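Values in this text are rule-based calculations from the coordinates and carry no lab data. Small disclaimer: the values here were computed from a predicted structure and weren't measured. FYI the Cβ positions are ideal-geometry reconstructions off the backbone, even for glycines, and counts take in every protein chain you see.
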Amino acid sequence: MSGTGIRVRRAEPADVPGIVEVIHTAFAARPVLDPPSTQLQEDADSVGRAVAGAGALVALAPDDTIIGTILLADHGERLGLHRVSVLPSHQGEGAAVAMARAAEAEASARGHVGTELGARVELPPNVEFWRRLGYAVIDRAGPHLTMARELPVVLELATADDTRAAGARLAALLRAGDLVILTGDLGAGKTTFTQGLGEGLGVRGQVTSPTFILARTHPSLGDGPGLVHVDAYRLGGSDELDDLDLDTALGTSVAVVEWGEGMAEALAADRLEITLRRRRGSESVPVAADDDLADTDPRELVVTPVGPRWVGAGLAAAVHDGVVGRAN
Ligand SMILES: Nc1ncnc2c1ncn2[C@@H]1O[C@H](COP(=O)(O)OP(=O)(O)OP(=O)(O)O)[C@@H](O)[C@H]1O
Ligand SMILES: [Mg+2]
């Protein structure tokens, strides 16, 4: 639901004529391209097959008329988004964003690691629209671009050892220049996760809570990247973070910033935003200082990749230890 009262739902067979209408009307309002889009070839038969197959989404105006659509297609690892169309009379109301986010939720639920779509180089505003939603160009054939987005990866961690192991698995993917921002309540497991990263990277020294030290550098024991571990809890703001000169450190190291949310994002356009939460049953519970259950409650880890660096990088496989799927 957006501010304009637009709803998105899965398409039903009865929606097919409305979907065809939206696809054709949206197409007619676009510039003519060479070679032309095949969008006009969609008819009740082809859309009917799509709806009965991998499905489609429709965006509805408050009066329930169809004003937008996306046809879904199973591309294997990723869910394909086809014929993304919004009626010209309803553009700028957020229907495309709402449908894209719904398609991504659908992709997660179906076990895909990401979503992808075709875009044309001749339509820069279109390409820019998808970039802003987190999509990056992963392939180009003439004027045809393939843009993709990696979805957040979610993992349940039953014990502190599982938290460390997840960090170690992620380390296999990391290289110098990578930024990891760790978010979570006091005692959520941020340092434990970083210990796993340090083990996986093979760095010198024990990773501990850098309580009195804002940043600690752990050089590599081999020829891989080192680890710079920052605890931003006591930092006054981005200025003090700048003083740590992480830019220089990122030349040879991976940087991990605990409590970096809202401060460290500016360091790198490509980053992993990782959230740790304590779970009790299906509840997410905050941590209380005197809570002795803290060390037994499982954690939920959510790894959100930001930027083109992570598209196609195998994040889900690495975090799940080779098992691709289950993100939500
Ligand atoms: N998956 C888990 N299940 C149970 N306990 C865990 C889990 N992961 C970590 N812990 C435990 O939680 C406690 C706090 O962990 P840790 O110090 O890593 O949290 P933190 O987020 O870094 O805290 P702070 O906010 O103080 O920096 C530790 O005792 C650790 O062993
Ligand atoms: Mg910590």
### Query
With the Cα gyration tensor of the stretch 7-150 giving a ≥ b ≥ c as the square roots of its eigenvalues, does the rule (a/c under 1.5 for rounded; else a/b larger than b/c for prolate; else oblate) give rounded, prolate or oblate?
rounded
### Summary
Given backbone amide H placed at 1.01 Å from N, residues whose amide H is under 5 Å from that of Gly224, ignoring those fewer than 5 places away on the same chain, are none
## Note on the structure
What the Cα atoms of the stretch 92-133 span along the principal axes, largest first and in whole Å, is 32, 23, 13
## Note on the structure
For the stretch 156-198, shape from the Cα gyration tensor axes a ≥ b ≥ c, cut at a/c of 1.5 then a/b versus b/c, turns out oblate
### Query
Build a GNM of the chain with springs between Cα atoms under 10 Å: which of Ala56, Ala44, Ala215 gets the top mean-square fluctuation?
Ala44
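Kindly give Rg over Rh for the stretch 153-319, based on alpha-carbon atoms, with the Kirkwood expression for the hydrodynamic radius.
Values: Rg = 15.0 Å, Rh = 15.9 Å.
Reported Rg/Rh, Kirkwood definition of Rh: 0.94.
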### Summary
Between Asp64 and Ala158, Cβ-based FRET efficiency (R0 56 Å, step 0.05) works out to 0.80
### Query
From the backbone phi of the stretch 255-266, what are the Karplus-calculated ³J(HN,Hα) couplings (6.51 cos²θ - 1.76 cosθ + 1.60, θ = phi - 60°) in whole Hz, Gly and Pro given as x?
10, 10, 10, 6, 6, x, 4, x, 10, 8, 4, 5
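Thr296 to Ile213: FRET efficiency via 1/(1 + (r/R0)^6), r the Cβ-Cβ distance, R0 51 Å, to the nearest 0.05?
On the way: r = 29 Å, r/R0 = 0.57.
Between Thr296 and Ile213 the formula returns 0.95.
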### Message
Can you compute the modelled spin-label distance between Glu122 and Arg234, with each label point 7 Å from Cα toward Cβ, in nm?
### Response
6.1 nm
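Under unit Cβ charges (Lys, Arg +1; Asp, Glu -1), what dipole magnitude, rounded to 20 debye, does the chain have relative to its Cα centre?
On the way: 29 positive and 46 negative charges, 110 e Å.
Dipole size: approximately 540 debye.
Sequence gap at least 6, Cα distance under 8 Å: using those rules, report the relative contact order of the stretch 7-150 to the nearest whole percent.
Details: 240 pairs, mean separation 28.2, N = 144.
Relative contact order of the stretch 7-150: 20 percent.
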### Relative contact order %, the chain, counting alpha carbon pairs below 8 Å whose residues are six or more apart
17 percent
## Note on the structure
With the charge dipole of the stretch 153-319 built from beta-carbon charges (+1 for Lys and Arg, -1 for Asp and Glu) about the Cα centre, the Cα from Leu174, Met263, Ile213 projecting farthest to the positive end belongs to Leu174
### Message
Counting only helical runs of four or more DSSP H residues, what would the 222 nm mean residue ellipticity of the chain come to if each run contributes -39,500 (n - 2.57) and the total is spread over all its residues?
### Response
-7500 deg cm²/dmol
### Query
Once both axes come from the Cα atoms, what is the angle between helix 95-109 and the longest principal axis of the chain, in degrees from 0 to 90, rounded to 10?
60 degrees
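Pairs of alpha-carbon atoms within less than 8 angstrom and 6+ residues apart define the contacts here; what relative contact order does the stretch 153-319 have, in percent? Walk me through the numbers on the way to the answer.
Numbers: 348 pairs, mean separation 53.7, N = 167.
Contact order relative to length: 32 percent.
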### Query
In the chain, what percentage of the DSSP-assigned beta bridges are antiparallel, given to the nearest 5?
75 percent
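Counting Lys and Arg as +1 and Asp and Glu as -1, each charge on the Cβ, what is the dipole of the stretch 7-150 about the Cα centre in debye, to the nearest 20?
Details: 14 positive and 19 negative charges, 73 e Å.
That gives the stretch 7-150 a dipole magnitude of about 360 debye.
If you take the Cα Rg of the stretch 97-219 and divide it by 2.2 N^0.38 Å, with N the number of residues, what do you get? Provide the component values of the computation, followed by the final result.
On the way: Rg = 18.9 Å, N = 123, 2.2 N^0.38 = 13.7 Å.
In units of the 2.2 N^0.38 Å rule of thumb, it is 1.38.
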### Degrees between helix 16-28 axis and first principal axis of the chain (Cα, 0 to 90, nearest 10)
90 degrees
### Task
Select from Val121, Val207, Val113 the residue whose mean-square fluctuation is largest in a Gaussian network model of the chain (Cα-Cα springs shorter than 10 Å).
Val121
### Query
Which FRET efficiency, nearest 0.05, do Leu173 and Asp242 yield, Cβ-Cβ r, R0 25 Å?
0.40
### Task
Would you be so kind as to identify which of Ile66, Gly18, His82 lies farthest towards the positive end of the dipole of the stretch 7-150, taking Lys and Arg as +1 and Asp and Glu as -1 on Cβ and the Cα centre as origin?
His82
#### Entry: Charge dipole (the chain, unit charges on Cβ, about Cα centre) - positive-most of Gly134, Pro152, Ala107
Ala107
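Based on a Kirkwood Rh over C-alpha pairs, give the Stokes-Einstein translational diffusion coefficient of the chain at 10 °C and viscosity 1.306 mPa s in µm²/s.
Diffusion coefficient, whole number: 73 µm²/s.
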